[in-house]
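The values are calculated or read from the model by the stated rules, or taken from the named source; none is laboratory data. Computed from a predicted model, the values in this text were never measured in an experiment. Here the Cβ is made from the backbone with ideal geometry for all residues, glycine too, and neighbour counts use every protein chain on show. Just the protein is used for accessible areas: all its heavy atoms, side chains included, with ligands, DNA and RNA removed. Shrake-Rupley method; radii C 1.70, N 1.55, O 1.52, S 1.80 Å.
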Amino acid sequence: MKISYEWLREYINTKIRADNLSSLLTMAGHEVTSQEEKNKDIIFDIEVTPNRSDCLSYIGIAREASCIAKKRLMIPPSKITSKKSKAKPIKVSIEEKIACPRYSARVIKDVHVGQSPKWLIKRVESMGLRPVNNIVDITNFVLFETGQPLHAFDLDKLEGGVTIRNAKDGEKIITIDEVERELRGSMLIIADSRKPVAIAGVMGGKETEVTETTKNILLESAYFDPISIRRTALTLSLASDSSYRFERGVDLEGVVSASDRAASLIADTTKGAISALTDSGIKKKESININLRPAYLNRILGIKLSVEEIKDILKRLCFNVKGASSMEVTPPSFRNDVTREADLIEEVARIYGYETIKPQPPSIMVTDESPGSKDFIKKKDITREVLTSLGFNETLTYSLLSRKVITDASLPEEGIIEIMNPLSREQEVMRQSLIPGALKSIYYNASRQAQDIKVFELSDIYFEKESIYNEEQSLVIAEYAKTGRSMTSYDDSELFHIKGTVDILCEKLGMKTIEFEKTSHPLFVNDETVGMLLDGAMLGIMGRIKPDLLSKFDIKGDVSCCEINFKALADSSILKKFYRPLPRFPFSYRDVSFAIDSNISYKELASFVKREGGMLVERIELLSEYRGDKIKPGQRGLAIRIIYRSKEKTLTEEEINNIDTAIREGLTKNFNATLR
Amino acid sequence: MGSEDRLKRVEEEAIREIDATTSLDELETVKIKYLSRKGIVSQLFKDLPNIQEDEKPSFGKGINRLKELLNQELKQRSDKILSESGSELAEAVDITMPAPRRDIGVLHPITKTMKEICDVFSHMGFAVVEGPEIETEYNNFEALNIPVDHPSRDTFDTFYIKDKWLLRSHTSPVQIRYMQEHGPPFSIVVPGKVFRPDAVDASHSFMFHQVEGLMVSDNITFANLKWALFEFASACFGPASKVRFRPHFFPFTEPSAEVDVSCMICQGRGCRVCSQKGWLEILGAGMVDPNVFKAVGIDPDKYSGFAFGMGVERIAMLKYGIDDIRLFYENDLRFLNQF
């Protein structure tokens, strides 16, 4: 709320410097977010929290300031001194007693509508409003001064008395902003005998508004139920200074004094004659007594305030206090927010000063993570560590996407979760895969001249399955090369880089062996799509992205990537390590190079070698793969290195040669390999 | 020529040749020439039978001494060559040339910041707990004392999915989930993604990250909350940073506070980043509202607790001096690699 320093000072019985006032209010919970000098005045912008409707006015803010600074608050007199008219009071009937507990209406005759006096124009302008006429300006002035919204009708345009009732479905009203609005049955309105003349607490009607020709007015001051006003304002998407205050709650007992204040100002300024007031409904707020235990207060805050100190603070805030070791506290009628002991504790802490409370360490308390969750977090850390040390950069991409991205990426739309109220098409649906995000990151960097890009993301994906919303941790690893290397060379291909990365990751996570199997997938090039299997269940997918798909993402180059169900991966990872004794004897190796039918897999060959070599074959390494015209069509050349080691002794040349010969013969005999 | 002279001559010759060598290869040649099986020293031994009987013993001893001497000389020379060759090589290297670069990857600055924040609280004994991003309206609002028709909901614009499901607009629902399953005492810290329908600009994002904390026991006070957040600010922003607590309103805490840290850019003097205030708001905190305890079946007369929550992007932006939140989600490698 905007507050003029000059105006505010009319209500505080002393001069407080602007800077002091600003920090005093800020430290009492009314943050001054900016202050700006304007026409020899200073305008504060104060953030009034939604619970403090009583501070949405000059008197409210002045009351806080004077309470903290221990100065006297000066409320302008609202007693009506000017001439009275004998006009008959208007008939008010409240049909909705819950939505409208109190309604006051006052007739003022023979007003002279015109321009406001200078002082009033200045006040209205300092609130950022455009002056309209003296009547409207006075109702606005009193709204800002007291926090009580008022409305003035042109009395002569009202037919009969006023009724506060719910609208009938389909009833219409043109509001003062000249928009025709269709009303619903749940909306509270003010009606004359024919039709709605105002949307209660939100906005008045055009037809009955005060104009230059208005002679007699009806001044409304009421208390409307916050929830009712809030719902109407939300349904109509119509917010006003009035609805803002009503939906936060005004002072039920301040209804008439605000009306008096406005009436006397109107009488003074427009020479109108005030008549008696019709005040219907509840006059007094049901007072509440809150039990406050000083010991409990001190326990929650960690301080030692005496009963007297607590009483003093509460009294300064206009609370009524009785008792000592157990206090009975009655908040003033304008403090709708204080209903419980906790609210009182906050009040005391606020005025005592948060800054005065000394920090104190709590008694030591260590909470153990559940072992499952601790392990899972640790596995995520390990994954990030392994991937960054292999040169992959971590990215974070949005969980919400446009539907077009899903279609572009040829991803299935089944089970996709839609957002009901997206702000833009970019937030229509929740991602079911991290791959589109990875492609977007790659595009972003490739179009900024990055040559080689290695990225990963470990985040949630979301899907609906059997009416249940699921979210799962997923891991995408992607590698881009401007000049694609694809599968042309085994040790330079992005796909094998990814596979190697997954291998190391699995090793560091203590995984069982993952099986890689050729499969097909709409994202990936047909012959370069690999399924990752763990105990026969699909753990993830890997491959080279189809070029037509890349072009939809405007990527020129080659991208290979994999996406892994991280939850499943983590579930089967065992972080516990056991030491294996180091080998005591040296190893020897033999290289074998041969041409072989292309349809025989490395896996088959390797398991044959292991079987044939038995315990003495420690491991097998693939040295190179050759495909090309130096070899028979339908065949490829492979060079492997077999590493031999015994646990018991140093192997002799002869022992190794014997096994090596057997393996070579086996390769020729069983696989029709041509040794070279 | 006497046999003594002969040994002397071999010795002088050998030493001269050894001293003339400049490399280990040359030295090896000299070594072979004198000390190998067919070398000059071996030859001398073979000549022993032809020596006069009375000179034999001293000649034999002389050869052994020569052999020992040459071995010593060779070792010395080899040490000298090694030590000198090292320095010659160093002169030839242009160490101003850049080394071939082998990049490692980096963690995203948000991951990093989130981890740093969690680590501070882990060291105070807080357990790290996570929760789902798709939440019920009840956990996100009602259980946290945010009723449907209350203006306090206005500050929580929320993405809805359908029925009573939504994308959590803060990490606080994890408090509810945790307290439904665990009784006090406990202290937890909750990192995670949250969503609010905000138009994206330099300071707004519809997705961002928060870290939430909650400590509940039979004697937790506001003074304890201040202690925990002072410790946090000192660890996260440096021991010189000042902290201030301002009263505020949150539906789920009472008393509530907004917590400011002295501006790390201007050291509190006032600058553009802190809008001349000298303070930067970094988190919201307070004592758990009794209504929240009631919603999860904890007796507010028996237990008390504090809660706090902070935006990770905001903290990262302040720490690293980043002025546009969108940078975090563009994933420009030139940006990511700076952290």
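Is there any pair with a first residue in the range A:225-245 that is in contact (Cβ under 8 Å) with a residue 24 or more places away in the chain and a second that is of a type in the set (Ser, Thr, Tyr) whose Cβ atoms are under 6 Å apart and which are 6 or more apart or on different chains, and what are they?
Going by the 6 Å Cβ cut-off, the qualifying pairs are A:Ile229/A:Ser243; A:Ala233/A:Ser243.
Please tell me if A:Val386 is farther than 22 Å from B:Pro251 by Cα, more than 7 Å from chain B (Cβ to nearest Cβ) and touching a Leu at 6+ places or on another chain (Cβ under 8 Å).
Working: farther than 22 Å from B:Pro251 by Cα: yes; more than 7 Å from chain B (Cβ to nearest Cβ): yes; touching a Leu at 6+ places or on another chain (Cβ under 8 Å): yes.
Yes, satisfied.
What do you reckon, is A:Ile274 surrounded by fewer than 16 Cβ atoms within 10 Å (Cβ to Cβ), of a type in the set (Val, Ile, Thr) and more than 14 Å from every other protein chain (Cβ to nearest Cβ)? If you could, list the steps in order and put the result at the bottom.
Working: surrounded by fewer than 16 Cβ atoms within 10 Å (Cβ to Cβ): no; of a type in the set (Val, Ile, Thr): yes; more than 14 Å from every other protein chain (Cβ to nearest Cβ): yes.
Considered against the rule, which asks whether it is surrounded by fewer than 16 Cβ atoms within 10 Å (Cβ to Cβ), of a type in the set (Val, Ile, Thr) and more than 14 Å from every other protein chain (Cβ to nearest Cβ), A:Ile274 comes out as no.
Can you tell me which residue among A:Arg611, A:Arg636 is crowded, with 16+ Cβ neighbours inside 10 Å and under 60 Å from the mean Cα position of the chain (by Cα)?
Values: A:Arg611 fails: crowded, with 16+ Cβ neighbours inside 10 Å.
Answer to the check: A:Arg636.
Across the range B:146-202, what is the number of residues that are in contact with a Lys or Arg (Cβ under 9 Å, 6 or more places away or on another chain) and assigned to a loop (DSSP other than H, G, I, E, B)? Break it down stepwise before answering.
At the first step, the residues of the range B:146-202 found to be in contact with a Lys or Arg (Cβ under 9 Å, 6 or more places away or on another chain) are B:146-147, B:149-151, B:156-159, B:167-171, B:174, B:184, B:191-195, B:200-202.
Imposing the further condition that a residue be assigned to a loop (DSSP other than H, G, I, E, B) reduces the set to B:146-147, B:149-150, B:156-159, B:168-171, B:184, B:200, B:202.
Residues meeting the conditions: 15.
Of the numbered conditions (1) assigned by TED's automatic domain parsing to the domain that holds A:Gly147; (2) surrounded by fewer than 17 Cβ atoms within 10 Å (Cβ to Cβ); (3) part of a loop (DSSP other than H, G, I, E, B); (4) of a type outside the set (Val, Ile, Thr), A:Cys100 fails exactly one; give the number of that condition.
For A:Cys100, the exception is condition (2).
Take the conditions at pLDDT below 95, of a type in the set (A, V, I, L, M), closer than 30 Å to A:Gly161 by Cβ and surrounded by 13 or more Cβ atoms within 10 Å (Cβ to Cβ) and apply them to A:Ala87. Does it pass? Don't jump to the end; show me each part of the working.
Values: at pLDDT below 95: yes; of a type in the set (A, V, I, L, M): yes; closer than 30 Å to A:Gly161 by Cβ: yes; surrounded by 13 or more Cβ atoms within 10 Å (Cβ to Cβ): yes.
Yes: the conditions hold for A:Ala87.
Failed condition for B:Lys162, given (1) closer than 22 Å to B:Ile134 by Cβ; (2) touching a residue at least 12 places away in the same chain (Cβ under 8 Å), with all others met?
So the condition that B:Lys162 fails would be (2).
So, in the range A:290-320, of the ones that are touching a helix residue (DSSP H, G or I) at 6+ places or on another chain (Cβ under 7 Å) and without any contact (Cβ under 8 Å) to a residue 24 or more places away in the chain, which residue ends up most open to solvent (accessible area, probe 1.4 Å)?
The qualifying residue most open to solvent (accessible area, probe 1.4 Å) is A:Lys304.
Are there any helices (runs of 4 or more DSSP H) wholly within the range B:283-339 with 3 or more residues that are closer than 17 Å to A:Glu341 by Cβ and either out of contact with any Cys (no Cβ under 8 Å at 6 or more places or on another chain) or within 10 Å of chain A (Cβ to nearest Cβ) (or both), and if so which?
The qualifying helices (runs of 4 or more DSSP H) are B:290-295.
Quick one: would you say B:Ile282 is open to solvent by 60 Å² or more (accessible area, probe 1.4 Å), in the same structural domain as B:Phe232 (by TED's automatic domain parsing) and touching a residue at least 40 places away in the same chain (Cβ under 8 Å)? Break it down stepwise before answering.
Working: open to solvent by 60 Å² or more (accessible area, probe 1.4 Å): no; in the same structural domain as B:Phe232 (by TED's automatic domain parsing): yes; touching a residue at least 40 places away in the same chain (Cβ under 8 Å): yes.
In short, no.
For residues in the range B:178-218 being facing another protein chain (nearest Cβ under 7 Å) and open to solvent by 50 Å² or more (accessible area, probe 1.4 Å), which is modelled with the highest pLDDT?
That would be B:Pro185.
Does the range B:257-274 contain any residue that is facing another protein chain (nearest Cβ under 9 Å) and open to solvent by less than 20 Å² (accessible area, probe 1.4 Å)?
yes
Name the residues in the range A:79-126 that are within 30 Å of A:Ile43 (Cα to Cα) and among the aromatic types (Phe, Trp, Tyr), would you?
If the condition is that a residue be within 30 Å of A:Ile43 (Cα to Cα) and among the aromatic types (Phe, Trp, Tyr), then A:Trp119 is the only one that fits.
Evaluate the following for A:Pro89: is it touching a residue at least 40 places away in the same chain (Cβ under 8 Å), in a loop (DSSP other than H, G, I, E, B) and closer than 23 Å to B:Pro247 by Cβ?
Values: touching a residue at least 40 places away in the same chain (Cβ under 8 Å): yes; in a loop (DSSP other than H, G, I, E, B): yes; closer than 23 Å to B:Pro247 by Cβ: no.
Answer is no for this residue.
Report, by residue number, each residue of the range A:662-676 that is closer than 17 Å to A:Glu618 by Cα and either surrounded by fewer than 15 Cβ atoms within 10 Å (Cβ to Cβ) or within 60 Å of the chain's Cα centre (by Cα) (or both).
The answer is A:Ala662, and nothing else.
Checking the conditions here, which among A:Pro422, A:Pro412 is more than 30 Å from A:Val386 (Cα to Cα) and either in a helix (DSSP H, G or I) or modelled with pLDDT of 90 or more (or both)?
Details: A:Pro412 fails: either in a helix (DSSP H, G or I) or modelled with pLDDT of 90 or more (or both).
Among A:Pro422, A:Pro412, only A:Pro422 is more than 30 Å from A:Val386 (Cα to Cα) and either in a helix (DSSP H, G or I) or modelled with pLDDT of 90 or more (or both).
Does any residue in the range A:364-384 that is aromatic (Phe, Trp, Tyr) come within less than 9 Å, Cβ to Cβ, of a residue that is modelled with pLDDT of 90 or more six or more places away or on a different chain, and which pairs are these?
Once the first residue is aromatic (Phe, Trp, Tyr) and sits in the range A:364-384, its partners that are modelled with pLDDT of 90 or more give A:Phe376/A:Gln473; A:Phe376/A:Lys567; A:Phe376/A:Ala570; A:Phe376/A:Asp571; A:Phe376/B:Glu130.
Would the range B:220-238 turn up any residue that is assigned to a loop (DSSP other than H, G, I, E, B) and in contact (Cβ under 8 Å) with a residue 40 or more places away in the chain?
Of all residues in the range B:220-238, those assigned to a loop (DSSP other than H, G, I, E, B) come to B:220-221, B:238.
Those left that are additionally in contact (Cβ under 8 Å) with a residue 40 or more places away in the chain: B:220-221.
Within the range B:220-238, one or more residues are assigned to a loop (DSSP other than H, G, I, E, B) and in contact (Cβ under 8 Å) with a residue 40 or more places away in the chain.
In the range B:112-123, is there at least one residue being at the interface with chain A (Cβ under 7 Å from one of its Cβ atoms) and either open to solvent by less than 20 Å² (accessible area, probe 1.4 Å) or of a type in the set (D, E, K, R) (or both)? Spell out how you get there, then give the answer.
Initially, the range B:112-123 is screened for residues at the interface with chain A (Cβ under 7 Å from one of its Cβ atoms), giving none.
No, that holds for no residue.
Going through the range A:342-366 one residue at a time, which ones are crowded, with 20+ Cβ neighbours inside 10 Å and either polar (S, T, N, Q) or over 20 Å from A:Leu25 (Cβ atoms) (or both)?
Hits for the range A:342-366 are A:Ala342, A:Leu344, A:Ile345, A:Pro362.
State all residues of the range A:616-659 that are of a type outside the set (Val, Ile, Thr), without any contact (Cβ under 8 Å) to a residue 40 or more places away in the chain and assigned to a loop (DSSP other than H, G, I, E, B); if no residue qualifies, say none.
Correct list: A:Arg627, A:Gly628, A:Asp629, A:Lys630, A:Lys632, A:Pro633, A:Gly634.
Return the pair list, or none, for Cβ contacts closer than 7 Å from residues in the range A:181-207 that are within 15 Å of A:Gly160 (Cα to Cα) to residues that are assigned to a loop (DSSP other than H, G, I, E, B) and among the hydroxyl-bearing types (Ser, Thr, Tyr), at least 6 apart or on different chains.
A:Val197/A:Thr208
Condition check: surrounded by 17 or more Cβ atoms within 10 Å (Cβ to Cβ) and assigned to a helix (DSSP H, G or I). Does A:Ala258 satisfy that?
In short, yes.
Among what's in the range A:325-360 and is more than 20 Å from A:Gly60 (Cβ to Cβ) and in contact (Cβ under 8 Å) with a residue 60 or more places away in the chain, pick the residue that is farthest from the other protein chains (Cβ to nearest Cβ).
A:Gly353
Does the range B:221-233 include one or more residues that are more than 9 Å from every other protein chain (Cβ to nearest Cβ) and polar (S, T, N, Q)?
Taking the range B:221-233 and keeping what is more than 9 Å from every other protein chain (Cβ to nearest Cβ), we get B:232-233.
Those left that are additionally polar (S, T, N, Q): none.
No, that holds for no residue.
If you take the residues of the range A:389-411 that are away from chain B (no Cβ under 14 Å) and touching a residue at least 40 places away in the same chain (Cβ under 8 Å), which of them is most open to solvent (accessible area, probe 1.4 Å)?
Filtering first and then ranking leaves A:Ser410.
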